[in-house]
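One structure is given below, encoded as structure tokens.
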Amino acid sequence: MDDYFSRKVFVAKTYKFIYPSDCCPYRIGNECEITGIDICKKDKKFYDDHCCKSRYFDRCTYFRDKVIKIKKNKSFYASYCCPYLVGDVCELRNVDMRAKNRDFWYATCTKTDYIKKCPHFLDKVGRIRVKVQGGTFASCPYKDGDWCKIRNINMKDRCNAFYEYSCCKSNYGKCCPHYVESMSDE
């Protein structure tokens, strides 16, 4: 009963910005990124009951323990699609998300409300504690044509939806985590 109550409290506190995807985002194959162990080999029943279900956030204790520490950065807003996704590769994890975790990739990384779904993104922006300096510009100051100077990639070719929504808008300071991170580094 106590465990049930704990889960209910957790869901009540987090459902507003962490929604379930098709499968656990911390699972790559049978391995759990958080624990670094093969869950299927260690506990097949737990793996089947928790790690492969769409409602992972109220079933998986590994996931719950991880996301409960995340405090959403209120000055950081969602943009059109995940800014850390370059092609199918997640820059935060350096993993081809489509190949390794297709269900999660499709249900989360390619959606407009990824900020509510992606714990990798939330974990990253949760550490950013810098206010954007100098107000808004016509476009991102780190943009040189279609190229992002911070990432050294052609944003228009690699992440067109994000490029159109964030890099060319006056609100890039709220949209572009690469810009916010570079400000933090400075």
> Scanning region 150-170 for residues that are among the polar types (S, T, N, Q) and closer than 20 Å to Lys111 by Cβ, which turns out surrounded by the fewest Cβ atoms within 10 Å (Cβ to Cβ)?
Replying inline: Asn160
> What residue, among those in region 128-149 that are of a type outside the set (Phe, Trp, Tyr), under 19 Å from Leu85 (Cβ atoms) and open to solvent by 50 Å² or more (accessible area, probe 1.4 Å), is modelled with the highest pLDDT?
Replying inline: Asp146
>> So, in region 92-105, exactly how many residues are surrounded by 17 or more Cβ atoms within 10 Å (Cβ to Cβ) and without any contact (Cβ under 8 Å) to a residue 24 or more places away in the chain?
In response: 3
> Condition test on Lys66, is it within 30 Å of Asn160 (Cβ to Cβ), open to solvent by 50 Å² or more (accessible area, probe 1.4 Å) and either in contact with a Gly (Cβ under 9 Å, 6 or more places away or on another chain) or at pLDDT below 85 (or both)?
Replying inline: no
> Would you say Tyr84 is open to solvent by less than 50 Å² (accessible area, probe 1.4 Å) and among the hydroxyl-bearing types (Ser, Thr, Tyr)?
Replying inline: yes
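The values are calculated or read from the model by the stated rules, or taken from the named source; none is laboratory data. Only a predicted model underlies this, so the values are computations on that prediction, with no experimental measurement involved. Counting neighbours? That spans all protein chains shown, and the Cβs are built from the backbone with ideal geometry, glycine included. Calculation scope for accessible area: heavy atoms of the full protein, side chains included, ligands and nucleic acids excluded. Shrake-Rupley method; radii C 1.70, N 1.55, O 1.52, S 1.80 Å.
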